[in-house]
Amino acid sequence: MENRNIKILAIDDNHDNLITINALIKESFEDYKVITALSGMEGIKLASVEQPDVILIDIVMPEMDGFEVCKQLKENHQLKDIPVIFITALKGDKESRIKGLEVGAEAFLAKPIDESELKAQIRAMIKINQTNSQKRVENVRLSALVEDRTQELKNTHVATLNLLEDLRSEIEARKISEEALRESEQKFRDMANLLPQVIFEMNLIGEITYVNHQAETLFGFKIEELMGMNSLNVYVPEERERVIEGIKNKLAGKQIKNKNFNMQRKDGSQFPALIFISPIIKDNQPVGLRGVIVDNTEQKNAEEQIRQSEAKYRDFVENSPEAIAIYVDGVVNYVNKECLRLMRATSKDQLIGMHVIEFIHPDNREIVIQRMQHVSQSEIDVSLPVVEEKYIRLDGTPIFVEVKVMPMLLDNKPAFQLTARDITDRKIVEDELERNRIELKTIYEFAPIMMCVIDESNHIKFANRAFMDFSKLSEKKMIGGQIGKVVGCIQSYNDSRGCGYGPNCGNCTLRKAISNTFETGLGHNNIEYQTTFKTKKIDRESYLLASTAIIENGKNKKMLLCLIDITDRKRSEELLQQNNARLELAMKTANMAWWEMDLSSGKVKFEKQKAEMIGYSPKKFSHHVDFMDLVHPEDLEKTMNAMRNHVKGLTEKYEIEYRILSRTGVYKNLYDVGTVSKRDKDGNPQAVSGLVIDNTQRKHAEEALQKSETFLRTFIDNVPFEIWARDNDGVGILENKKLIEHFGSILGHSPSEFSKRNTEIAQLWDKNNKRVINGEIIDEEVIYNIGNQSRIYQQILFPINNDATEIIGIAGFNIDITSRKNAEIALNESQGQLKMFAAHLQSVREEERTLLAREIHDDLGQILVAMKIDMGILKHTFMKINKDFELNDLMIKFDELLLLVDNTIKTTRRIMTDLRPEVLDMLGFTEAVRQHLKGFQERYKIECQLIKNSPKLDLKPQQSVALFRIIQEALNNVAKHAKASTVKVIIDQQIDKLKLEIIDDGVGFQEKVNLRIDSYGLIGMKERVFLLDGELTIKSELSKGTNVKVEMPL
């Protein structure tokens, strides 16, 4: 092999790479000639001239890549058998390897080139080339032998005999063909006479040479008359020029676009026809025409009827009192006049071309879209149920319509006819009736008067809340029961027959009124009666005021019974005196007193309590001057003016707040309110009566409140964020200094007034105000452009409620979080850099693993194989030398050593696979997992199953490695801890993500138990999933196995 001059051609666009390849080859093969080329085209030319033994090609080259160079070499008859080795930096690229094998490459070398691998590959390729050369020589020799033999056969007389046999067979075949042709022509004529159309043939000058029997019926001529007739005679004169032109076009190989012609019968009557013709060819030349004539009269009449029907339908639709529109694929193609009026359009062009969804009010669009999807699946020409929808006109006003949709065909396309009727007025009336019904029901339900509806059997049909609250019964227990049985007076409650069967029922005024109302239909008002009201929960004596009225006449009468509990009113009369005493006590407790002043004399009547308020005896005050002397000098004049103005009729009442000196020397705050209580016959005031209240404590409270408000104001103005409040109309009512610094004052201003300064902010404020008024609490981030700066705020808005939980305004905080957001961005960038660094470390680790696996393969693997071979040779040699001796024990030892070497080789291969599975690069992720599971099953006797939903996974190399490592670690944990009998690996590829699950049926563990800090396998799995932007979840229960799930985006 190495004695002759071996040529190796290296093709690479990088000159440095060619120098390296030349050096490596020369180092191993000194006598080999290395030829280099810097481009694919140059390499092909050199290969044709030099005829090298091996060609090395770089895959990635400009203009013509390595795949194209290899393809052209393999297509060249002289060069196709030269072995090609691809040199690539795309290590582990499965697709590139497959493509290289497809174009004819024999081997691959990965950059950087390994010298030992290059040496082995070149030797293998030279052997292949030598084999191919020997094969070519043998093929040439065999071809020469075949050619000689063939020449001998040509010289024999067998060829002549074969020729005579062929002539005889051809004659027999021609006879059979002629007979078949005659039978075929007769069948054609018979079938032509059975057709309802006219079949004809004519020569090139237009003479009819054949017609079927149907021609007699259609034209009125006998067949004998038609034979030899010029075919133009059956066409109306106006069509003959077009017929001649059509015949010429057909003979020239062109198509006749309009096949409709007007023809004439023997009696001169005309009819429309469809004509189809084709040339008759003999010896590659046209000799005539053959055709079919179809009477088109019925079709033309039908088309005319359809046209008239469509015109009537269009006229009907156009003038329909209902709005009609037709749409295809959701786009409006037609609207009638009523549709213009309904949508307030001035021309059809405004509506045609619009999408039908644009007609729908935004409130209804979602449900209408769902309905349209359902309609699109309905049968053609089947009307769908009528529905009510809310539309929006072109001018923006809403409208309620009653809509009916029917699927149809328009120009052979699925379309929909939409019929709409304006029901806005009806909806307004219905809404008004519904509001009235709800109002009446609400009044009825929440009225303080007890109300119930009963039938003639005294069964309760309905009762309002007041009735149920009074009786302490639920609606379920009350409805359907009888008055007097479930609720009523003590006289009838214990009688199973209900109301009317007690000992005193005959004297019951309510009983009589109920009976009389059902009998006469007349109602009764203000029926006062006393009863002992009883249910299972209560038993009390009550005074009731009742009213009856028929609310439903006819066969099933119903009566409204209203009851007012007047027990309190009755008892209040009895307790009036007690209440007066209690009033006096209450006034004293409330620091309140009564007084009266005679205007003519100035004398006053002071209740004891008023004098005691300021620490004096009532005897001290007999005249109003006695009292006024103690009023604070600053308050005296205004107090007197208040009395004068009221007496003169200038104010509705006398009302004043003043300070008065108490006996202890301390001024107290009093509040006086009074009015003229007595006048003479001419209406002149004679006396004023009123109340006085000690306001001293309230004044102190007000002062404290004022201090509190000052403190609160100081706090609001000095917080580091903005605080504000608005009323229900959006008008500002509270602000702090921080808000004023950024936006100016909002007091008394609405957001719309701010739009002059910043429209965008004003619109945002107005939108958020409406959201909060509707009860929403907002906590979101917004960006405000203030001056030349953009600031990020956390905006918190919430409603202000009164005691009745009614929203009376809104308030909010604006917290500047720009610095915090900038810090978050910086943190995210830092995390991203850390993630990139971790990915780099992971890549370095995998490269180290690959390098270590390669070194084990190249060094340790070859040493072990060599040991195995040498031991086999040693054993064979030893047996030959010592064949006369008993060497059983020694041979057993040899076999044990060989087995030990085999096991060591297997262990070496397993270690190399764990470090970097070669199948992952060569055959892809799925096959690597399958082989790993197979090895795991053989090693640990645990049944393994691979389930995947996609035949081909599109994964990047780093994704494949990471997922494979996760599976390795998970299976390692199963082997160490799970005590499992089965393991499932599920690979589920979806549109945008991949899901991997490793499920075992082992002992499991408690998820809440803290993992050991040295759980490096789990930590490694989490790191790999993190670098894939995925998510790792581990679920387990005791005795129920463990599920490791990985989800990652693709």
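No value in this document is a laboratory result; all are computed from the given coordinates. Because the structure is predicted, anything quoted here is derived from the model rather than measured. As a convention, Cβ positions derive from the backbone with ideal geometry for all residues, glycine included, and neighbour counts pool all protein chains shown.
Structure notes:
- The stretch 1-126 pair-distance distribution - Cα-Cα, 10 Å bins, rounded %: 13, 51, 33, 3
- Additional length obtainable on full extension of the chain from N14 to K413, 0.36 nm per residue less Cα span: 137.5 nm
- Of K390/K770; K638/K668; K94/K127; K608/K648; K956/K984, pairs whose Cα-Cα distance is over 20 Å: K390/K770; K94/K127; K608/K648; K956/K984
- Spacing of the modelled spin labels on A811 and A110, each 7 Å from Cα toward Cβ, amounts to 6.9 nm.
- With a Förster radius of 25 Å applied to the beta-carbon distance between E938 and I986, the computed FRET efficiency rounds to 0.70.
- Approximate spin-label separation K74-E702, in nm, with each point projected 7 Å along Cα-to-Cβ: 10.5
- Stretchable slack from S752 to T520, in nm (0.36 nm times residue separation minus alpha-carbon distance): 77.0 nm
- A Förster distance of 30 Å, applied to the separation of the beta-carbon atoms of I740 and N828, puts the FRET efficiency at 0.30.
- Contact order, relative form, for the stretch 1-150: 21 percent (alpha carbon pairs under 8 Å, 6 or more residues apart, mean separation divided by residue count).
- Under the Karplus curve 6.51 cos²θ - 1.76 cosθ + 1.60, θ = phi - 60°, whole-Hz ³J(HN,Hα) for the stretch 274-284, x wherever Gly or Pro sits: 9, 10, 10, 10, 8, x, 9, 10, 9, 6, 6
- Approximating the spin labels as points 7 Å out from Cα along Cα→Cβ, the R820-to-N301 distance works out to 8.8 nm.
- Computed 3J(HN,Hα) for the stretch 348-361, one whole-Hz value per residue from the Karplus formula 6.51 cos²θ - 1.76 cosθ + 1.60 where θ = phi - 60°, is 5, 4, 5, 9, 5, x, 6, 7, 4, 5, 5, 6, 7, 5, glycine and proline marked x.
- Given R0 = 51 Å, the distance between the Cβ atoms of K893 and Q373 translates into a calculated FRET efficiency of 0.05.
- Put the Cα centre of the stretch 64-124 next to the Cα centre of the stretch 293-328 and the gap is 72 Å.
- Reported to the nearest whole Å, the Cα centre-to-centre distance from the stretch 954-998 to the stretch 438-460 is 70.
- Fully extending the segment from D626 to E652, taken as 0.36 nm per residue of separation minus the present Cα-Cα distance, adds 6.7 nm.
- Averaged over residues, the count of other Cβ atoms within 10 Å places the peptides 385-397, 287-299 in the sequence 287-299, 385-397, highest first.
- Taking a sphere under 14 Å around the Cβ of Q255 and counting the other residues whose Cβ falls inside, with K and R at +1 and D and E at -1, yields a net charge of +4.
- Net +/- balance of residues flanking A420 in space, Cβ distance below 9 Å, scoring K and R +1, D and E -1: -3
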